[in-house]
Amino acid sequence: MGTFAKAIRQIASRSGSRSVKLNGNLYAQAGRILADSRAGVNKSPAGIYTYIAGHEVNEIVDLPVPLTLEDGYQIQIEAEKHLMKEFGWKKCGFKVGATSEAIQNTLGIKTPFYGTIFNDRLYRKDLGVDCMSCGIEIDIIDSPDHSNQWCSFGAFSKSEHNCRGIEAEFGFILKQDILQREADYTWEEVAEYVDEIVPCIEICGSRFEVAVPPGNAPLVIADGAGNSAFLVCNAHEHGPQMKEWITKKGSELKVETMINYDQNQLIKGSGMAVLGHPIHSLTWLANALNREYIQAQDNIESKLSPWRKLEQGDFVATGALSGLMSIEANNEVVVDFQSFGALEMIMHN
């Protein structure tokens, strides 16, 4: 049995006491293994990441006493500590996952989850007019405010990111800190903290060689909430246009993804899949981080994690507009975000 699987089994076996102090060393051990893989410490001569052996997932998914969501977050926190201390990674925001009821049902949970985004895995580009597929006009969405501008990100390695698929999302850039407090925020309050709205693509990846089976949300949470990288376009809405966008119905925030420029591979989505509207996802995150902070203050065995708060300049990815979209090596992908323009990428081997 692998080291990671042994640590996870020991954590789960201590079901009588979910003590952070009791499991602290095990959380740290599991977190370090995930962090080393995420940072690419172990690479083959060909430059491909060596991921945790797939059989280790099979050894822990059938635990008589499964991991709790708290276990998943504690391992995630330990992995983040290791990434920041040992590799110099810097937090630049958060992602929210499982924002649709369908995904929550698959994972066996009733709420979304979240994880930290680091600058080493955030790629930003400006909107332009050039694209990899010259001569092709974007006209996927029939919209009066449609833009024919592109944001081309080039090629990414499917194997290096151990990519499970991609997600089209809207992100928010914060103009000031969202202070932690006991009372929940309303979406109207949270909207006042938003500086920009940006379109983005998430490359969903894993540190496991095989996919985590359905119903194992704590493992996904522990594994960086399933994130490998974000591609963010600097096209944005702000000012009066931003306020108008936030007050639109979620169903009006449309996005369409085309694979290999084939109309038969057209995937539609909207803000309705993100808790009804992306601003609700940001609100949920603000309140979830509040609760984490309060619980850490109340639990003398816990240590506060100072980076796990929403700060000025943070990027927050709000969740999949079209679900997780599977793509193969050498697929070309274009995601049309209406007035924001289109994001384009190629996934190679």
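The values are calculated or read from the model by the stated rules, or taken from the named source; none is laboratory data. Please read these numbers as outputs of a predicted model, since none were measured by experiment. Neighbour counts run over all protein chains shown; Cβ positions are idealised from the backbone, glycine included. Areas reflect the complete protein model, heavy atoms only, side chains present, ligands, DNA and RNA absent. Shrake-Rupley method; radii C 1.70, N 1.55, O 1.52, S 1.80 Å.
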- [ ] Collect the residues in the range 240-268 that are among the aromatic types (Phe, Trp, Tyr) and under 23 Å from the mean Cα position of the chain (by Cα), keeping them in residue-number order.
- [x] Trp245
Open item on the list: For Trp245, only one of the following conditions fails: (1) hydrophobic (A, V, I, L, M, F, W, C); (2) part of a helix (DSSP H, G or I); (3) open to solvent by less than 10 Å² (accessible area, probe 1.4 Å). What is its number?
Closed with: (3)
- [ ] Please tell me if Ser251 is buried (at least 22 other Cβ atoms within 10 Å of the Cβ) and either touching a strand residue (DSSP E or B) at 6+ places or on another chain (Cβ under 7 Å) or of a type in the set (Phe, Trp, Tyr) (or both).
- [x] no
TODO: Kindly indicate whether Lys309 is of a type in the set (Lys, Arg), out of contact with any helix residue (DSSP H, G or I) (no Cβ under 8 Å at 6 or more places or on another chain) and in contact (Cβ under 8 Å) with a residue 24 or more places away in the chain.
DONE: no
Open item on the list: I'd like to verify a number: residues in the range 192-219 that are touching a strand residue (DSSP E or B) at 6+ places or on another chain (Cβ under 7 Å) and at pLDDT 85 or above, how many?
Closed with: 17
TODO: Kindly establish whether Glu167 is at pLDDT 95 or above, charged (D, E, K, R) and buried (at least 18 other Cβ atoms within 10 Å of the Cβ).
DONE: yes
TODO: Report whether or not Thr186 is open to solvent by 50 Å² or more (accessible area, probe 1.4 Å) and touching a residue at least 24 places away in the same chain (Cβ under 8 Å).
DONE: yes
Task: Residue check, Glu344 in a strand (DSSP E or B) and open to solvent by 10 Å² or more (accessible area, probe 1.4 Å) - done: no
Open item on the list: Which count do you get for residues in the range 254-265 that are more than 17 Å from Met347 (Cα to Cα) and either in contact with a Gly (Cβ under 6 Å, 6 or more places away or on another chain) or in contact (Cβ under 8 Å) with a residue 60 or more places away in the chain (or both)?
Closed with: 3
- [ ] Pull up the range 298-340, narrow it to residues that are at pLDDT 95 or above and among the acidic types (Asp, Glu), then point me to the one that is surrounded by the most Cβ atoms within 10 Å (Cβ to Cβ).
- [x] Asp314
- [ ] Go through Ile11, Ile52 for me and flag whichever is modelled with pLDDT under 80, closer than 18 Å to Val212 by Cβ and among the β-branched types (Val, Ile, Thr).
- [x] Ile52
Open item on the list: Considering only residues that are under 17 Å from the mean Cα position of the chain (by Cα), surrounded by fewer than 15 Cβ atoms within 10 Å (Cβ to Cβ) and of a type in the set (D, E, K, R), which ones fall in the range 62-100?
Closed with: Lys90
Task: Selection status of Val212, closer than 30 Å to Ile60 by Cα, assigned to a helix (DSSP H, G or I), open to solvent by 20 Å² or more (accessible area, probe 1.4 Å) and among the aliphatic types (A, V, I, L, M) - done: no
Open item on the list: Looking at Gly205 and the list (1) farther than 19 Å from Ile327 by Cα; (2) within 16 Å of the chain's Cα centre (by Cα); (3) without any contact (Cβ under 8 Å) to a residue 60 or more places away in the chain, which single condition is not satisfied?
Closed with: (1)
Task: Residues of the range 55-65 that turn out to be closer than 26 Å to Ala320 by Cα and either assigned to a loop (DSSP other than H, G, I, E, B) or modelled with pLDDT under 75 (or both), as a count - done: 1
